Amino acid sequence: MKKIAIIGKPNVGKSSLFNRILKQRDAIVSDEAGTTRDVKKRIAQIGEKEAELIDTGGLEERDELFDKVKDKALQAAKEADIILYMVDGKKLPDDEDKKIFRQLQKLGKEMALVVNKIDNDKEEQNVWNFYEFGTDKIFPISVSHNRKVGRLLGWLESKLPEQPKLELQEAEEPDFLELLEIAEEGPKKEEEDKEIKVAILGRVNVGKSSLLNALLKEERSVVSDVAGTTIDTVDESIIYDDKVITFIDTAGIRRRGKIVGIEKYALNRTTKMLERADVALLVLDASEGITEQDERIAGYIDKYKLACIIVLNKWDIAKKSYEEAIKEVRDRFKFLSFAPIITLSAKTRKRVDRLYNLIIRVYRNYSQWLPTSQLNRVIKEAQMQHQIPSYKGKPVKIYYATQYDTKPPKIALIMNRPEGLHFSYQRYLINKLRENFDLEGTPVILSPRKRGEREDENS
């Protein structure tokens, strides 16, 4: 698949064009220079063809952080097949822009100069100044007004190879009763899902981007001591053990009172990404210990019912013994008691390789179907060992249990009085399930239901 890189200085509209081509608001757009810092990649439909579209950070030399952002952007341009160099049409041509443009021309790739912010015919006269760049492939556009963007897209489509298209039929979603009937037919075979989406979560400067780079074995994310370096989410995939593992490096989450400027977009984008994630890597700083903010972030994992692995990063400079650190984690994150804990150092890459197999095992548990006969045996034995307390003086009985969904495992308990099943007894049942099935790393959802009752949309 061909790669298209959008390159240019800050605030020329690169992320806006990225979103316009994708036909969705994916990249964060802001008037603040330096909003985009990492390289962002997405598959874009351009006419009848597809390409990998790459949004890059601004080409600006200001400090160490911006130097790294510029290096990443230029590297993306070198790896791309087509380069869109973007400039601000309301300003005169910039000597630094011309210098970089001519350097990129020497790469011998398909390249166009995109002059943005040309909002009307009068301003289009300014485009003549940009022929100084030494190219006739100039596209005057206004992304915000969607002016003449179609001509640019037409040119891009002409540079992409023909691709066969597959037509997929959309399947209807079965209702809750149908799911129960299917589940009652017998044990399920685990569905083969080739992609695992892994969100890397944590507060600022705990080493999330360093961990992503260590996992990918390349400098994919910009790493800096500047707090909040990662603003937008960064996706990258690898193939491991016949699985595609897509890592999502999210922006560091601060306390709400300390979120300023474009970071509010980062928080919204991070929470949106969690809706499509499977496994969360909760990254903690072993050199500093656990904070209240770590607990708040862990709450997102509980909210979205994700599988979880707790990563104690910076273990090479940890201040506590292994036993002390594990005890602190278990004491502070009781609601993530199912999550395995791994100690590592993203900086030295020590023990990072162990994460791959752990992710696959946790995901397998997260997406597994529990055999109905074994499930009912465990539930029946649990009731025999500890009878369900009565509700308003009347007996409470579980007739049978059946799993109706995965990610995480969701189990319906068909009962006479579902409202009478106390949460403490539900916790007891979940613990019994964990004793009998491999459910490490995944939450388990129990849904008490009366016979014939349908699952509501919010469950």
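The values are calculated or read from the model by the stated rules, or taken from the named source; none is laboratory data. Please read all numbers here as calculations on a predicted model, not as lab measurements. Cβ placement follows ideal geometry from the backbone for every residue including glycine, while neighbour counts extend to all protein chains displayed.
Scanning the stretch 320-342 for residues that are surrounded by 20 or more Cβ atoms within 10 Å (Cβ to Cβ) and either of a type in the set (Ser, Thr, Tyr) or more than 24 Å from ILE430 (Cβ to Cβ) (or both) returns a single hit, ALA325.
Here the condition is being assigned to a helix (DSSP H, G or I), in the same structural domain as PHE18 (by TED's automatic domain parsing) and in contact with a Leu (Cβ under 7 Å, 6 or more places away or on another chain); of ALA112, ALA73, it holds for ALA73 alone.
Checked against (1) assigned to a strand (DSSP E or B); (2) outside the structural domain of VAL244 (by TED's automatic domain parsing), ILE342 passes all but a single condition, namely (2).
Of everything in the stretch 18-40 that is crowded, with 21+ Cβ neighbours inside 10 Å and over 22 Å from HIS145 (Cβ atoms), the residue that is modelled with the highest pLDDT is LYS40. Taken together, ALA214, ALA171, ALA183 contain a single residue that is farther than 29 Å from ILE21 by Cα, among the small types (Gly, Ala, Ser) and at pLDDT below 85, which is ALA183.
Which of the residues that make up the stretch 365-388 are of a type in the set (A, V, I, L, M, F, W, C) and more than 16 Å from LEU439 (Cα to Cα)? Scanning the stretch 365-388 gives ALA382, MET384, ILE388. Scanning the stretch 268-325 for residues that are charged (D, E, K, R), assigned to a loop (DSSP other than H, G, I, E, B) and more than 23 Å from the chain's Cα centre (by Cα) returns GLU288, LYS319, LYS320. Residues satisfying the criterion are present in the stretch 41-49 (criterion: small (Gly, Ala, Ser), under 20 Å from LEU17 (Cβ atoms) and surrounded by fewer than 17 Cβ atoms within 10 Å (Cβ to Cβ)). The set of residues from the stretch 100-147 being more than 39 Å from the chain's Cα centre (by Cα) and free of Cβ contacts under 8 Å to residues at least 12 places away in the same chain comprises ASP121, LYS122, GLN125, TRP128, TYR131, ASP136.
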